[in-house]
Amino acid sequence: MKASDLFIKALENEGVEYIFGIPGEENLDMLNSLKDSKIKLILTRHEQGAGFMAATYGRLTGKPGVCLATLGPGATNLTTPAAYAQLGAMPMVMITGQKPIMKSKQGRFQIIDIVELFQPITKYTRQIVNGNLIPSMVREAFRLAIEERPGAVHLELPEDIAAEECEDRLFDVVGFRRPDANEVAIQEATKMLEEAKMPLLLIGAGANRQRTSDALSHLVESTGIPFFNTQMGKGVLDERHPLFLGTAALSSDDFLHCAINRADLIINVGHDVVEKPPFFMEKGGTKVIHVNFFPANVDEVYFPQLNVIGDIASSIMQLTGQIKDKSNWDFSYYERIKTEVESHLTRYVEDVRFPILPQRLVHIVREQLPDDGIVTLDNGVYKIWFARNYKCYQPNTLLLDNALATMGAGLASAMAAKLINPGKKVISVCGDGGFMMNSQELETATRLGLNMVVIILNDSSYGMIKWKQEGMGFESFGLDYKNPDFVKYAESYGAKGHRPTSDQSFREILKTCLNSDGVHVIDLAVDYSLNHSILNVLLKEKTCIL
């Protein structure tokens, strides 16, 4: 059997549905083998778009997303998606081509050591030097991509290896059970909880599994412990719950941190230090129990007093069953903080000024999307407003990146979300800067016949950095640019372009777009004038209630 045929059979054996990517000369054998496969090739306009789509597929399904690129520049274009998946714990398999390794007449043309390049940003990276190794190497790559902590893996298939004859064989796809936490650790955690006076539950991205979500829901209902989440932990539990205190969109100084700082114990479920810290630990301060698949990486602001390591859902179920004595607990302060947080977050949501305030935008999007509607974010200051103000009712309904926090991923992430969930409403919210980094994927979206909405927040600048610049007391410099006419730009790709001129027209346009076929691009003027006064001044000057 030809090696490229065997490679495709190995991918089919793993249950691969899609390959996202851009083939090159060195992938032509694989492309020909893919032609008759049940795996669907999603041809993108840039390797970054392919990588971001594959990573999002992994994030939403728990199965590795697969992307394809050629050698040299095609492969280097996958480095940002590789880091995106690796830091964000998204299972992804990257396949790249290479010049013949046994005999080549092209010298070093286009050749760089891609395997070495990917070494620091993947869990596994190998060159295939013999076609007979394909089945075992594919199986190992998929196993490692899924194994906790999930991430990116890479296989390089040289042109001459792809064309050689090899033995037809496959390896069984064998599942595995994650080990349960040590009973002594569960008992110690129970003792710490029962002795605490004001425990709090923190939910991070690693808790975003159905069994874990169910277990956490049972814990909250059984114990009455209030909870908050990280940006990437949003939606694990319904944020309309009366015990939900808010999202730690900032590391300190938000209204929510009044509760965090008053807590004497935090049960930190599914969070690790790759994601921006939701709070800072201090020596002699709040104690932390780390509940995760792996031990905590200790740094200056995170040094938990107890590690409960094992299957998270199992750990939470065991803990829930063992907690008996709740007589020390007093959550009255948290109830007052919740009221204050809600009061703060609802300011400006009815402010109809135009250009639109980000708080108002978040309110309108939440108002118009159904419970299972999906919002994907690129990276910008609006991400903070969505994290703080947008309430998620279901898991994986607000997809943002707070690990690598790269720009350029929002549009591709929405495309993958829609491809996987064709019956759900999907909105991509991008800054004008992030949108333009991979805007060419509009062609891919229209070619695929996706029904989705893209909202471009237009302030003709890198707004996140402008906010930081102002917060540091620097003059505005070096961050302004001009944008194309986004309506005409969208139409040139076969999408439908819209430009609201008022709050009311935006609401009407968004409603129409959500209920119409096709790709809709909304060029929305945004007003970031309150960012500094609220996020840099008000929050730092606030006084926590007694």
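The values are calculated or read from the model by the stated rules, or taken from the named source; none is laboratory data. Keep in mind that what you see is a predicted model, and the values were worked out from it rather than measured. Every residue, glycine among them, receives a Cβ derived from its backbone with ideal geometry; neighbour counts consider all protein chains shown.
Residue by residue through the stretch 420-429, note down the ones that are out of contact with any Leu (no Cβ under 6 Å at 6 or more places or on another chain) and surrounded by 20 or more Cβ atoms within 10 Å (Cβ to Cβ).
VAL426, ILE427
Of all residues in the stretch 11-59 being of a type in the set (Phe, Trp, Tyr) and in a strand (DSSP E or B), which is surrounded by the most Cβ atoms within 10 Å (Cβ to Cβ)?
PHE20
Would you check if THR501 is assigned by TED's automatic domain parsing to the domain that holds HIS363, among the hydroxyl-bearing types (Ser, Thr, Tyr) and surrounded by fewer than 13 Cβ atoms within 10 Å (Cβ to Cβ)?
Judged against the criteria, THR501 is a match.
When you go through ILE337, ILE316 one by one, which is the residue that is under 20 Å from GLY235 (Cα atoms), in a helix (DSSP H, G or I) and outside the structural domain of LYS511 (by TED's automatic domain parsing)?
ILE316
Starting from residues that are surrounded by 22 or more Cβ atoms within 10 Å (Cβ to Cβ) and hydroxyl-bearing (Ser, Thr, Tyr), keep the ones in the stretch 382-396 and report whichever is farthest from GLU340 (Cα to Cα).
The qualifying residue farthest from GLU340 (Cα to Cα) is TYR382.
Regarding ALA152, is this residue under 30 Å from the mean Cα position of the chain (by Cα), at pLDDT 90 or above and farther than 22 Å from GLY58 by Cα?
No, not satisfied.
Filter the stretch 415-442 for residues that are closer than 21 Å to ARG388 by Cβ and of a type in the set (A, V, I, L, M) and give the result.
If the condition is that a residue be closer than 21 Å to ARG388 by Cβ and of a type in the set (A, V, I, L, M), then ILE427, VAL429 are the ones that fit.
Taking the stretch 231-248 only, how many residues are outside any helix (DSSP H, G or I), of a type outside the set (Phe, Trp, Tyr) and touching a strand residue (DSSP E or B) at 6+ places or on another chain (Cβ under 7 Å)?
9
Which one is surrounded by the fewest Cβ atoms within 10 Å (Cβ to Cβ) among residues in the stretch 463-488 that are touching a residue at least 40 places away in the same chain (Cβ under 8 Å) and among the small types (Gly, Ala, Ser)?
GLY471
Going by the structure shown, is LEU170 surrounded by fewer than 19 Cβ atoms within 10 Å (Cβ to Cβ) and in contact with a helix residue (DSSP H, G or I) (Cβ under 9 Å, 6 or more places away or on another chain)?
yes
Does SER136 satisfy the condition of being on the phi < 0 side of the Ramachandran plot, surrounded by 15 or more Cβ atoms within 10 Å (Cβ to Cβ), more than 26 Å from the chain's Cα centre (by Cα) and among the polar types (S, T, N, Q)?
When the stated conditions are applied, SER136 does not pass them.
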